[in-house]
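Got a structure for you, questions after.
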Amino acid sequence: MLIEFDRLQAIDAANEIGELNRQIYKFHPLKGDREGYWSVTV
């Protein structure tokens with residue numbers, strides 16, 4: 001549970017999208033009608 005809390009803190013503290021671009025988050029842009037949104041694993 002601590003790892004999930006750390007990830008949520010990182011998301012909350014991020015000032016721009018690029019700060020979350022780490023392999024551990026499986027960060028990627030969405031496609032189709034969700035274009036312009038991003039997905040991140042918590």
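Every number here is computed from the coordinates shown, using simple stated rules; none is lab data. Computed from a predicted model, the values in this text were never measured in an experiment. All Cβ positions, even for glycine, are placed from backbone atoms using ideal geometry, and neighbour counts span all protein chains on display.
Taking the Cα centre of the chain as the origin, how large is its charge dipole in debye, to the nearest 20, when only Lys and Arg (+1) and Asp and Glu (-1) carry charge on their Cβ atoms?
Numbers: 5 positive and 7 negative charges, 40 e Å.
My answer is approximately 200 debye.
Using alpha carbons only, how many degrees (0 to 90, rounded to 10) separate the axis of helix 2-13 from the longest principal axis of the chain?
Between helix and principal axis, roughly 60 degrees.
Show the residues, 5+ positions off or on another chain, whose built amide H is closer than 5 Å to the amide H of TRP38.
LEU30
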